[in-house]
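The values are calculated or read from the model by the stated rules, or taken from the named source; none is laboratory data. Quick caveat: nothing in here was measured; it's all calculated off a predicted structure. Heads up, the Cβs are rebuilt from the backbone with ideal geometry, glycines too, and the neighbour counts pull from every protein chain shown. With ligands, DNA and RNA removed, areas are computed over all heavy atoms of the protein, side chains included. Shrake-Rupley method; radii C 1.70, N 1.55, O 1.52, S 1.80 Å.
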Amino acid sequence: MIRTFSIGVLPHLIVGGAFALMLLLEPDFGTVLILTMLLYFMLFIGGARVHHLLATRANGFAPADLRDDESGVPVAPLDEFFGSVERRLGQRFSCHPIFDRLRLGADVGDADWGRAARSFFICPKRTRISSIQ
Amino acid sequence: MRDLLAVDKWMLLALAALLAIGMTMVLSTSYLYSQERYGDGTYFFRKQLIAMGAGMIALIACSIVPSTFYRRFAYPLLAVSFIVLALVLIPGIGVSRGGARRWLMLPGFVFQPSEFAKLALVFYLARSMAKKRAV
């Protein structure tokens, strides 16, 4: 069972992210989606905690969401799927609010990037859905 | 010999079902087209059948290879895969088609490193997660 985020989950996400980056440069968005699903399913089967996975997908989809318009690849349904899981659990998972703001296209000019980066390695925080609506 | 035959029956059943559905779909969708174009309704079906046979041979060969082999080569495979993915991006080495640079031209065939990357990532994840089982 994978228990910790920094040792059990993050190294795999970094390797997977490096591969995804190389594939995005080609660009081959279809393979990126397959690799992402593969990565998350294997982590899930490996025993990674669901809230770790939910928190990181929120950050991982940030660049994908930004690409959505120009690439024409529908990332939104995947994001919506994870969102529905969060709503069912009644909690939203995120490493740092800055990643959520980035996803939503909000202004992040005043953000503390150093703190956000540090929180990414500690990850994640839970927020009750009701408290953010 | 007994070890070789000790396969996961449900996995094998799922594989057989997927292959059967795939073959049926290929025959169903390509029959009229291949009849018009090649004068043989089963042209694509037969090609698919040959590919399936090659896949089955590869499946048997891979299942015979001991798991220590995959464990030992998981990290080198990941490194090779990453290097090959980087090579694709270099103009002159990577082949560009339809606005995407995804292929490497090798003698006799075109190679798509992203297919190799999927396999390498699966090996790496399995190896790494098994090692970090308790953390």
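Stretch B:A130-B:L89 to full length: gain in nm at 0.36 nm per residue minus the Cα-Cα span?
Numbers: separation 41, 0.36 × 41 = 14.76 nm, distance 3.24 nm.
Here the answer is 11.5 nm.
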Determine ³J(HN,Hα), in whole Hz, for all residues of region A:20-32 in sequence, where each value follows from phi through the Karplus function 6.51 cos²θ - 1.76 cosθ + 1.60 and θ = phi - 60°; x replaces Gly and Pro. 4, 4, 4, 6, 5, 6, 5, x, 9, 5, x, 5, 4
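Taking N as the number of residues in chain B, what value does Rg over Cα atoms divided by 2.2 N^0.38 Å take? It would help to have the intermediate numbers written out before the result.
Details: Rg = 19.4 Å, N = 135, 2.2 N^0.38 = 14.2 Å.
Dividing the Cα radius of gyration by 2.2 N^0.38 Å gives 1.37.
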Amide H partners (placed H, <5 Å) of B:V95, local residues excluded: B:R102, B:W103, B:L104, B:M105
Which parts of region B:94-132, residue by residue, lose 30 Å² or more of accessible area when the rest of the protein chains are there, as against the chain isolated (1.4 Å probe)? B:R102, B:S114, B:K118, B:L121, B:V122, B:Y124, B:L125, B:M129, B:K132
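On a 1.4 Å probe surface of the protein chains, which of B:M52, A:M22 comes out largest in accessible area, and what is the full order?
Reading off the accessible areas and sorting them downward yields B:M52, A:M22.
Which FRET efficiency value, to the nearest 0.05, do you get for B:F69 and B:S96 by plugging their Cβ-Cβ distance into 1/(1 + (r/R0)^6) with R0 = 35 Å? Don't skip to the end; give the middle numbers.
On the way: r = 35 Å, r/R0 = 1.01.
FRET efficiency, B:F69 to B:S96: 0.50.
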Do you know the relative contact order of chain B, to the nearest whole percent, from alpha carbon pairs under 8 angstrom that are 6+ apart? 15
Can you tell me how much longer the chain between B:T24 and B:V80 gets when fully stretched, taken as 0.36 nm per residue apart minus their C-alpha distance, in nm with one decimal? 16.5 nm
